[in-house]
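The values are calculated or read from the model by the stated rules, or taken from the named source; none is laboratory data. Fair warning: this is a prediction, and the values are worked out from it, not measured in the lab. Every residue, glycine as well, gets a Cβ built from its backbone with ideal geometry; the counts of neighbours run over all protein chains shown.
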């Protein structure tokens, strides 16, 4: 039986894979290339986290992520144009994925005994590094470094989780508050066009 | 005494390193940069595989890959122009390397007890990820995502290996059939100009 | 109490982070993006080394690198223009960091029982790979592959360390000679504009 978290994991993976496949298609990648970029977007963050934590990457223990990416590719092949109309839906899906992936990353690190500042970084890597790999593959400057609040939402969610944990709240409450913080920070910052200041350095 | 597989491994490493050195030279890298790109092309796929499988990367146990890359660099420095005439020879060498690397990746994963779908991915990473790293280093969109059948040949070879293994054939037969499938898929698809369809997505 | 090596480590991390933040600012990254690029420049080399050596990355055991990068970001935000006047100071800091990081990488590998040719590569990765990651993030061809003696200084320092070790000199002498070799190779090659030859290959 599917749990609620598994459904969210599926939704998040699907949304992340869609974003990879779409950007690959804009660069005229073939089907295989688009699949690989979609897969890397979906599992890249978790893989880097698991390499750093020295555990087996999650996608190597369950083929669901491969299937999910295949469905995302199929979706773009069949309904490519329809996607533009669904942009706001996928934005919500992506924010759900970001929230869930962040909480999973934080929890996994805490469970392995790492201090909280490591856990917050791992949560942010889980949520945001897949998009960085995607942008390196399509040879663009990573989007998350330049525009909108994205990885910062992960950091905010990680801090909220830590606050709840420090107050000895139940694990499910920590997850709920952490994930909601990511989701709201991400969606509200886009809605109200809140950005971080840009650097104007020396060179 | 050198075994037949060791000779093939040498040939494959040399061909992969040559491809890295040549593309680096087209971007006017210095000798050291060309050496690093050649080396990363040759050992990059196997290194990512070994990091994911949590074993020591193969090149850290045997300096042959360093020597092989040095010979490849020397070759390009001395016979740069001659290489153009030898293009078809190097295409064959590269396909041999691809076949061998794929089989090595599949075998290593199976020996460590991973399921076959993981082994097929590991075989493809061993064969194709070095070229992706090369293209990221020279700041180009990875070639294998856009043109020709390349990593798909690894997937086909992995599936052939798995089929033979399911039929309980002897290991050397699995290797032979798997490697031959990679080699033929790669060479025939180029000869007959077979490509995967390109995506035309939303954006 | 701070040891001398810890102060050098701080200086090197700060200099590496500054270089990341400055190049990010030239590409108009936001504060968060600049922080991430600075951090990756500072700890990227050591992280790749530790993943290859299968030990926990150093920055996950001590938050000093995060703090150091935050100070570097603050410095660029406050004194961006002043940095241009301090270019030669930061060049010296960067060379100190390069020397120290190389020696740390060599030592750590030797202590784990790896042969010397692996240790020299690990020293070079510790010193130079952070800059490669930085340049991939800002979507430029890695500088160290094209211009000036940089990673080659690490290789020279590693060889010097190995020579001292072979002559059974005391560890602190090996460190001193190795680090000084890196520093002098780097600074003198820039002062006298010594470069490696560029490849002119086939394509």
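Values as computed for the structure displayed
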{"quantity": "Qualifying residue in the range A:164-182 (condition: under 29 Å from residue C:25 (Cα atoms) and either at pLDDT 95 or above or in contact with a helix residue (DSSP H, G or I) (Cβ under 7 Å, 6 or more places away or on another chain) (or both))", "calculated": "yes"}
{"quantity": "Condition met for residue C:74 (modelled with pLDDT of 95 or more, surrounded by fewer than 24 Cβ atoms within 10 Å (Cβ to Cβ) and assigned to a helix (DSSP H, G or I))", "calculated": "no"}
{"quantity": "Any hit, the range A:43-52, residues being within 17 Å of residue B:196 (Cα to Cα) and crowded, with 24+ Cβ neighbours inside 10 Å", "calculated": "no"}
{"quantity": "Search result, residues across the range C:183-194 that are loosely packed, with under 13 Cβ neighbours inside 10 Å and touching a residue at least 12 places away in the same chain (Cβ under 8 Å)", "calculated": "C:194"}
{"quantity": "Selection within the range A:107-119 - at pLDDT 95 or above and either touching a strand residue (DSSP E or B) at 6+ places or on another chain (Cβ under 8 Å) or more than 10 Å from chain C (Cβ to nearest Cβ) (or both)", "calculated": "A:119"}
{"quantity": "Cβ pairs under 6 Å, 6+ apart, first in the range C:60-88 and within 9 Å of chain A (Cβ to nearest Cβ), second surrounded by fewer than 18 Cβ atoms within 10 Å (Cβ to Cβ) and at pLDDT 90 or above", "calculated": "C:63/A:117"}
{"quantity": "Any hit, the range C:16-30, residues being crowded, with 24+ Cβ neighbours inside 10 Å, more than 13 Å from chain A (Cβ to nearest Cβ) and either within 18 Å of the chain's Cα centre (by Cα) or farther than 17 Å from residue A:117 by Cβ (or both)", "calculated": "yes"}
{"quantity": "Scope the range C:25-57; condition at pLDDT below 90 and in a helix (DSSP H, G or I); matching residues", "calculated": "C:25, C:26"}
{"quantity": "So residue B:102, is it buried (at least 24 other Cβ atoms within 10 Å of the Cβ) and either in contact (Cβ under 8 Å) with a residue 24 or more places away in the chain or outside any loop (DSSP other than H, G, I, E, B) (or both)", "calculated": "yes"}
{"quantity": "Residue within the range A:165-182 that is in contact (Cβ under 8 Å) with a residue 24 or more places away in the chain, within 17 Å of the chain's Cα centre (by Cα), surrounded by fewer than 18 Cβ atoms within 10 Å (Cβ to Cβ) and not in a loop (DSSP other than H, G, I, E, B) present", "calculated": "yes"}
{"quantity": "Subset tally (residues that are in contact (Cβ under 8 Å) with a residue 24 or more places away in the chain, surrounded by fewer than 21 Cβ atoms within 10 Å (Cβ to Cβ) and assigned to a helix (DSSP H, G or I)) for the range B:111-122", "calculated": "1"}
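For (1) touching a strand residue (DSSP E or B) at 6+ places or on another chain (Cβ under 8 Å); (2) within 11 Å of chain B (Cβ to nearest Cβ); (3) surrounded by 21 or more Cβ atoms within 10 Å (Cβ to Cβ), each residue gets a yes or a no:
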position: C:124; (1), (2), (3): no, yes, yes
position: C:128; (1), (2), (3): no, yes, yes
position: C:139; (1), (2), (3): no, yes, no
position: C:142; (1), (2), (3): no, yes, yes
position: C:145; (1), (2), (3): yes, yes, yes
position: C:151; (1), (2), (3): no, yes, yes
position: C:161; (1), (2), (3): no, no, yes
